[in-house]
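The values are calculated or read from the model by the stated rules, or taken from the named source; none is laboratory data. Note that this is a predicted model, so its numbers are computed, not measured. Here the Cβ is made from the backbone with ideal geometry for all residues, glycine too, and neighbour counts use every protein chain on show. Please note that ligands, DNA and RNA were not included when accessible areas were found on the heavy atoms of the full protein model with its side chains. Shrake-Rupley method; radii C 1.70, N 1.55, O 1.52, S 1.80 Å.
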Amino acid sequence: GERRLAHARKLAMWWLVTTAALAVLVPLDGPPVLNSPVYSLATLNDDGSTNMQILTYATPIGIAPRTWALSLYRPTRTHANFASRRSGVLQLLTEEHVGLMHVLGGKSGADVDKAAAC
């Protein structure tokens, strides 16, 4: 019962701490390979044109209605568009899209037509 549950919690905590410590202590020859989804968030500018931004912090938080939590860097056109219109299109990118990373993540929509670049 209660004692067994307490033991399981302690064991789980020990495992988490040990795993985290080992991850920190393992020497690497290069940066770690990350396996997390990369998205593009498309929003509409004031003139109706499309703007896009790379997004890596996105997670579903609700089913009905379908709701996502997003993390947007504030001083961007995408953040301003999303805050203003409260909508956008979240697109899951794949390895075929690697050529778009620089334009979507390294350029400003104020300087580049990102939709045309895609």
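Cβ-Cβ distances below 7 Å connect the following pairs, each with a first residue in region 89-109 that is free of Cβ contacts under 8 Å to residues at least 24 places away in the same chain, a second residue that is part of a loop (DSSP other than H, G, I, E, B) and surrounded by 13 or more Cβ atoms within 10 Å (Cβ to Cβ), and a separation of six or more residues or different chains: Val103/Val112.
Let's see how each residue does on (1) outside any helix (DSSP H, G or I); (2) small (Gly, Ala, Ser); (3) at pLDDT below 90:
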position: Pro60; (1), (2), (3): yes, no, no
position: Arg74; (1), (2), (3): yes, no, yes
position: Ala80; (1), (2), (3): no, yes, no
position: Ala83; (1), (2), (3): no, yes, no
position: Val98; (1), (2), (3): no, no, yes
position: Ser108; (1), (2), (3): yes, yes, yes
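Pairing each residue of region 49-63 that is in contact (Cβ under 8 Å) with a residue 40 or more places away in the chain and closer than 17 Å to His79 by Cβ with any residue that is part of a strand (DSSP E or B) and open to solvent by 40 Å² or more (accessible area, probe 1.4 Å), provided the two are 6+ apart or on different chains, yields C-beta distances under 8 Å for Thr50/Leu44; Asn51/Leu44. Going through region 66-100 one residue at a time, which ones are of a type in the set (A, V, I, L, M), closer than 13 Å to Met52 by Cα and either open to solvent by 60 Å² or more (accessible area, probe 1.4 Å) or touching a helix residue (DSSP H, G or I) at 6+ places or on another chain (Cβ under 9 Å) (or both)? Leu72, Val89, Leu92, Leu93, Leu100 - these are the residues of region 66-100 that are of a type in the set (A, V, I, L, M), closer than 13 Å to Met52 by Cα and either open to solvent by 60 Å² or more (accessible area, probe 1.4 Å) or touching a helix residue (DSSP H, G or I) at 6+ places or on another chain (Cβ under 9 Å) (or both).
For region 52-72, which residues satisfy the criterion of being under 15 Å from Ser108 (Cα atoms) and more than 11 Å from the chain's Cα centre (by Cα)? Hit for region 52-72 is Met52, nothing else.
Scanning region 27-51 for residues that are among the β-branched types (Val, Ile, Thr) and either within 18 Å of Asp111 (Cα to Cα) or not in a loop (DSSP other than H, G, I, E, B) (or both) yields Thr43, Thr50.
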